[in-house]
Amino acid sequence: MMLMKKTVNIGLIGFGTIGSGVVETFNRNLPLIEDKVDAKVVLKKIVDLDIVTDRGVQVDPDLLSTNVDDILEDPDMDIVIELIGGYQPALNFILKAIENGKHVVTANKALLARHWEEIMDAARKTGVRVCFEASVGGGIPLLEPLNDSLAANKIQSIYGIINGTANYILTKMSEEGRDFEEVLKEAQKLGYAEQDPTFDVEGHDSAQKLIILTILGFGVYIKQENFHVEGISMITPQDIQFASKELGCVIKLLAISQLLDGQLEVRVHPTLVPEDHLLAAVNGVFNGVYIVGDVVGPVLMYGPGAGMLPTASAVVSDCMDIVGDSKKPLIYGPQISSVESIKPMTEIESRYYLRITAIDKPGVLHSISGILSNFDISIESVNQEKRDEGQEVPIFMVTHHAKEQNMLNAVEKIESLESVTKNTVFIRLL
Ligand code: HSE
């Protein structure tokens, strides 16, 4: 007698770009998917407010519905995929799915970053799984490898280029010597950047993803308001050129989570990365995450950080993981963390690059170096390329290791000098 394979029913909430990618993935690869999980896999219902627009993928119209209860209240539904994004109603849908005993797959980094404990506590109570590989790094196998394949390691550091928009802009600025605003406008035209780019270019998207990486890497859940987040809008082609010519570095928006002497540093900001570092080669819209474990050493995970099919690849693979092991305990990150405290941003130490804009006249450099020295900041190099007596010129400086608080104090004093005409830009070196 032939044994019947088990059937797994999946409901998809959100038929937008990634939802369409999920449908396309099932259309293309269902036999392979079913073969790998040894089950019959059925995409049973797709719910969206708009079920009229042609999504460019083949779909049985009978699967479409505008009523989310067709998924959440269907007793035969095993897995709910949430791809509507945002906080509400996504949170309520996920909590309802969990309450009704359904496993959840989501790409919703914003929701996880803000409601991690609530979602995971609810899932542990009903014994369902919550998988979210697509929430960081799109299609890159990143979270499961970090959580599972590197489980034997104490994670020491995670450095991520995890926002494709910002990385695309910095790459273009660097390759073509163009201004931030100009490249941003072009990226918006090409659809690489949102009409309101704040979320991506000011580091918020990276911050949400870093929260998830920090949980998996260090077992610490830190809210966004509790760490430093800074974007790339003040970077100019001058900074990029100086970094390359004088320091052999590229500028990247890095999300950093690293453990030093029991203290965890969590921060997002532009960073000068040496050209021979693996992360320096992560260009354009691609993402790369560099993880150092105490046993494995450094590992780079690289690939497409967004997009319809890459992200769908992670979503569908999560579903398959659940089919393969629906009882796997929800353990994310080390349960006994090596983190003793979170280091306040003001206490981090770094080498700094500074761009000071000042009137070119005798004594200005003397005043600036005096201020730096008063705050115990030692100068490694000073460059003033243009001589333009009485006019505004950029002065580039690199410091030895200094404390962030001292740098903040020094920059405040420098900016109060009469001869300093613009805000000072300072960028930390990796
Ligand atoms: N907006 C993100 C980025 C992709 O630019 O990388 C989605 O996480």
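Quick check: Cα centre of region 331-396 to Cα centre of region 68-140, how many Å?
Answer, in whole Å: 44.
Would you mind computing, in nm to one decimal, how far apart the modelled labels at T53 and K328 are, each placed 7 Å from Cα along Cα→Cβ?
3.2 nm
5 Å is the cut-off here: which amide hydrogens, built 1.01 Å from N in the peptide plane, fall below it relative to V229, excluding neighbours closer than 5 in sequence?
Correct list: V268.
Just order 206-212, 138-144, 388-394, 229-235 by mean Cβ neighbour count inside 10 Å, highest at the front, would you?
So the peptides 206-212, 138-144, 388-394, 229-235, ranked by packing, come out 206-212, 138-144, 229-235, 388-394.
Restricting to DSSP H runs of at least four residues, report the calculated mean residue ellipticity at 222 nm for the chain, -39500 (n - 2.57) per run over all residues, nearest 500 deg cm²/dmol.
That comes out to -10500 deg cm²/dmol.
Return R178, R28 ranked ascending by Cβ neighbour count within 10 Å, so the fewest neighbours appear first. Mind dumping the intermediate values first?
Numbers: R178 16, R28 12.
Result, fewest neighbours first: R28, R178.
In what sequence do T271, T126, T171, T53 fall when counting other Cβ within 10 Å, fewest first?
Ranked by crowding around the Cβ, least crowded first: T53, T126, T171, T271.
Values quoted throughout were computed directly from the atomic coordinates according to the rules given, and no laboratory measurement underlies them. All values derive from a computational prediction rather than experimental measurement. Methodologically, a virtual Cβ is constructed for each residue, glycine included, from the backbone with ideal geometry; neighbour enumeration extends over all protein chains shown.
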